[in-house]
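Notes follow once the structure below has been shown.
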Amino acid sequence: MSDYTAAQKSISATFDSDIEIITPELQKIQFTSSGQMKLNRPDKLRIRRTGGYADVELVYDGKTLSLYGNNAKSYVQADAAGTVDQVIDTLQARTGAAMPGTDLLLTNSYDELMSNVIEGKYIGQGVVDGVECEHLAFRGAETDWQIWIENGARPIPRKYVITSKTLAGAPQYSLKIKDWKTDVPVDADTFVFKPPADAKKADLNALAMMEFDEVPPATAPGTKK
């Protein structure tokens with residue numbers, strides 16, 4: 001899978017993601033969002049995630065990284081020449097955002113995925129959105145994860161689940177990938193960021209304040225009824 005995805009010059013897909021929190025009353029709450037992704041190696045990327053509490057778009061054109069928050073009607077930009085791999089690493093380091101799922105896009109995705117694995121198992125067959133997949137499960141010290149990979153000549157990731165073992169209730173993050181296409185002609189404007197007329201450019205320090213996840217910002221679990 002990792003060899004196949006790394007070899008693709010261009011990738012486009014849609015996705016649905018779920019992230020769970022555990023309230024002080026030990027109730028598990030799940031927040032859901034959807035999005036679209038377009039990648040053109042080595043240095044073009046566009047991702048949009050939309051949910052009930054987050055509406056964020058990331059655009060990278062090989063020279064400038066732009067991050068737009070539709071709810072805040074503001075955007076930030078930073079010079080970031082390099083590859084998509086380098087930009088993802090920089091963004092995670094700058095914001096502290098985990099950005100789960102982006103490791104599947106990296107050219108060294110195998111190394112990243114397996115870096116903390118202490119045990120792996122082949123579970124068997126599974127079906128995701130009507131597609132037959134191979135189901136594998138891996139254990140780490142702090143997190144476990146599972147992945148469902150399409151059978152056949154196109155071994156693409158179809159579903160990815162991460163379980164946090166250090167938190168009570170073991171909340172999960174899950175990602176389902178759909179409409180996967182490779183080597184599709186990409187319009188030149190796809191990776192050009194054009195801010196809406198009512199959007200304001202914010203200071204670069206606001207980058208760390210942009211919300212990447214679907215969990216409501218600054219909301220203590222269990223405080224609302």
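Length gained on full extension, ASP129 to ALA6: 41.9 nm, using 0.36 nm per residue less the C-alpha separation. Under a 5 Å amide H to amide H cut-off, with H placed in plane at 1.01 Å, what residues pair with GLY140 once short-range neighbours are removed? Those qualifying (amide H under 5 Å, at least 5 residues apart or on another chain) are ILE118, TRP145. The slack in the chain from LYS165 to ASP16, taken as 0.36 nm per residue of separation less the alpha-carbon distance, amounts to 51.4 nm.
For the chain, relative contact order (Cα pairs under 8 Å, six or more residues apart, normalised by length) works out to 26 percent. Each peptide in 21-32, 82-93 was scored by the mean count of other Cβ atoms within 10 Å over its residues; highest first, the order is 82-93, 21-32.
In this structure the amide hydrogen of ASP43, modeled in the peptide plane, comes within under 5 Å of the amide hydrogens of VAL84, none closer than 5 places in sequence on its chain. Values of log10 I(q)/I(0) for region 42-146 across q = 0.14, 0.16, 0.22 Å⁻¹ run -0.73, -0.89, -1.18, by the Debye formula with one identical scatterer at each alpha carbon and no solvent.
Taking the helices alone, the chain has a mean residue ellipticity at 222 nm of -3000 deg cm²/dmol, built from -39,500 (n - 2.57) per DSSP H run of at least 4 residues and averaged over all its residues.
Along the Cα→Cβ direction, 7 angstrom out, place labels at ASN151 and ALA199. What is the inter-label distance in nm? In this crude label model, ASN151 to ALA199 measures out at 4.3 nm. Pairs of alpha carbons in region 5-101 separated by more than 21 Å make up 39% of all such pairs.
Computed from backbone phi, the HN-Hα couplings of region 56-72 come to 10, 10, 10, 10, 10, 9, x, 10, 10, 9, 10, 10, 10, x, 5, 5, 7 Hz, rounded to whole numbers (Karplus: 6.51 cos²θ - 1.76 cosθ + 1.60, θ = phi - 60°; Gly and Pro given as x). Derived scalar couplings between HN and Hα for region 191-201 equal 9, 9, 7, 10, x, x, 4, 8, 7, 10, 7 Hz in order, rounded to whole Hz, by the Karplus curve 6.51 cos²θ - 1.76 cosθ + 1.60 (θ = phi - 60°), x for Gly and Pro. Centroid-to-centroid, using Cα positions, region 1-28 and region 59-85 are 21 Å apart. Taking packing as the residue-averaged number of other Cβ atoms within 10 angstrom, the listed peptides 133-144, 192-203, 64-75, 176-187 run from highest to lowest as 64-75, 133-144, 176-187, 192-203. Under 18 Å from the 7 Å Cα→Cβ point of VAL117, by amide nitrogen: which residues of region 165-199? Those under the cut-off are 165, 175.
If the segment from TYR110 to ASP189 were pulled out straight at 0.36 nm per residue, it would be longer than the present Cα-Cα gap by 25.3 nm.
For every other residue with a beta carbon closer than 9 angstrom to the beta carbon of LYS176, add +1 if it is Lys or Arg and -1 if Asp or Glu, then tell me the sum. Summing Lys and Arg as +1 and Asp and Glu as -1 gives 0.
The phi-based Karplus calculation (6.51 cos²θ - 1.76 cosθ + 1.60; θ = phi - 60°) puts the 3J(HN,Hα) values of region 110-127 at 4, 4, 5, 5, 8, 4, 10, 7, 10, 7, x, 9, 8, 7, x, 8, x, 10 Hz, whole numbers, x for Gly and Pro. The convex hull around the C-alpha trace of the chain, projected and averaged over every direction, spans 13.4 square nanometres.
Quick note: the coordinates plus some simple rules give every number you see, no bench work behind them. Small disclaimer: the values here were computed from a predicted structure and weren't measured. All Cβ positions, even for glycine, are placed from backbone atoms using ideal geometry, and neighbour counts span all protein chains on display.
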